[in-house]
Amino acid sequence: MSNLKVLFIGGSGVISTSCVHEAVRRGMDVTVLNRGESALRPLPEEVRHLTADSNDPEQMRAALGDAEFDAVVNWVNFVPEQVQRDVDLFSGRTGQYLFISSASAYQTPPTHMPVVESNPLKNPYWQYSRDKIACEELLVRAWREDDFPMTIVRPSHTYDHTLIPFDGGWTVVERMRAGKPVVVHGDGTSLWTITHSRDFAVGFTGLLGKEAALGEPFHITGDEAPTWNRIFRDVAAAAGVDEPNLVHVPSEAIAASDPDWGAGLLGDKAHTMVFDNSKIKSLVPEFGQGATPFKQGAREIVAWYDDHPERKTVDADNDALMDRLTEAYAPRTV
């Protein structure tokens with residue numbers, strides 16, 4: 001829908017930047033409010049910029065004045081207190097409020113697949129996911145009791161050219177190129193849905209201004225679900241490594257060595273996750289057409305890092321941890 005007046009709060013992240021570009025491409029009137037534009041992911045010239053801290057209600061009111069919007073999207077809300085502030089601020093001044101939840105909110109591990117939007121929300125392993133569930137519950141009450149015009153969106157693992165889609169980031173690619181072993185959780189055969197941000201943006205912007213989306217949850221994910229072994233090998237191939245040395249380490253062992261890394265595995269990445277995208281496609285039929293294969297996405301990632309050597313940072317602690325884990329779990333030869 002062109003001429004739609006949209007406010008993006010945040011707007012310079014991996015997913016949100018692509019959505020801003022897609023919204024502008026569709027002719028929408030886009031305002032971005034954040035603490036300052038990111039040099040890493042520049043936004044289109046057509047975007048109107050407002051500067052404020054979204055966690056400061058006074059700054060928000062001063063920046064927004066009496067402006068009203070057809071749709072408001074907050075990319076940086078993670079706990080219910082933040083969402084409640086938005087409900088208070090935008091009630092009566094937007095036709096649609098979109099909350100960015102997470103597909104990790106679905107029951108983990110899943111009891112059946114493919115996952116649909118009616119699957120239970122339950123994640124005992126990861127506080128991030130439990131907070132997103134609490135945010136969703138708050139918005140459902142606001143919709144039911146006060147007609148607050150919300151839409152819930154649950155991204156899964158979404159990447160762009162700047163984001164290496166496994167824990168360790170460039171440290172892993174550097175190890176691959178040096179011939180060092182790298183850690184793959186579990187046996188590497190679980191299936192993992194992975195989505196390019198520009199593909200996500202097609203589905204997401206197609207929901208903006210859609211009355212049929214009000215009060216509804218949608219996950220927006222790719223239809224490609226490679227194994228983790230393949231994800232690592234595709235990145236290795238893009239980096240010019242024919243046969244990476246993959247060492248499989250139990251997720252529980254990783255969690256014991258690094259609780260933060262482990263929480264994201266046990267609460268998300270260690271489990272096969274495949275999604276049914278019928279619901280988003282019913283409202284946005286163009287979603288999924290011409291999607292980016294991960295092999296292509298991996299080439300874009302490595303090319304971007306090779307063009308930006310200042311971003312090729314190696315985390316010394318993570319590098320040392322991978323040395324210890326791969327030494328402990330590498331297959332032994334007699």
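Worth a mention:
- Where only C-alpha atoms are counted, convex hull volume of the range 139-242 per residue in Å³: 125
- Förster radius 30 Å - calculated FRET efficiency between Ala63 and Asp260, Cβ distance, rounded to 0.05: 0.35
- Working from Cα pairs under 8 Å separated by at least six residues, relative contact order for the range 139-244 is 38 percent.
- Helical contribution to [θ] at 222 nm, DSSP H n ≥ 4, -39,500 (n - 2.57), averaged over the chain, rounded to 500: -11500 deg cm²/dmol
- Per-residue Cβ neighbour rank within 10 angstrom, fewest leading, Thr31, Thr292: Thr292, Thr31
- Formal net charge of residues neighbouring Pro331 (Cβ-Cβ distance under 15 Å; K, R +1; D, E -1): -2
- Cut-off 15 Å, label 7 Å out along Cα→Cβ of Glu310, residues of the range 17-49 by amide N: 38-42
- The distance between label points at Arg332 and Ala178 comes to 2.6 nm (points 7 Å beyond Cα on the Cα→Cβ vector).
- Measuring nothing but how far apart in sequence close Cα pairs (under 8 Å, 6+ apart) lie, relative to its length, the chain scores a relative contact order of 19 percent.
- Residue with peak Gaussian network fluctuation, the chain [Cα springs, cutoff 10 Å], from Glu81, Glu45, Glu68: Glu45
- Computed log₁₀ I(q)/I(0) - Debye formula, equal Cα scatterers, no solvent, the range 97-190, q 0.24 Å⁻¹: -1.25
- Distribution of pairwise C-alpha distances over the range 247-334, 5 Å bins, in %: 3, 10, 11, 12, 15, 18, 14, 9, 5, 2, 0, 0
- Put a dot 7 Å past the Cα of Val79, heading toward its Cβ, do the same for Glu117, and the two dots end up 2.9 nm apart.
- Short to long, the 10 Å bins of the Cα pair-distance histogram for the range 151-208 hold 18, 39, 28, 13, 2 percent of all pairs.
- With Cα atoms, 0 to 90° folded angle of helix 316-329 axis to the chain main axis: 50
- Summed side-chain charge close to Ser102 - residues other than Ser102 whose Cβ falls under 12 Å, Lys, Arg +1, Asp, Glu -1: 0
- Values of log10 I(q)/I(0), in the order q = 0.20 Å⁻¹, for the range 46-151 under a Debye, Cα-only, solvent-free model: -1.06
Values quoted throughout were computed directly from the atomic coordinates according to the rules given, and no laboratory measurement underlies them. Because the structure is a prediction, the values reported are computed rather than measured. With ideal geometry, Cβ positions are generated from the backbone for all residues, glycine too; neighbour counts draw on all protein chains shown.
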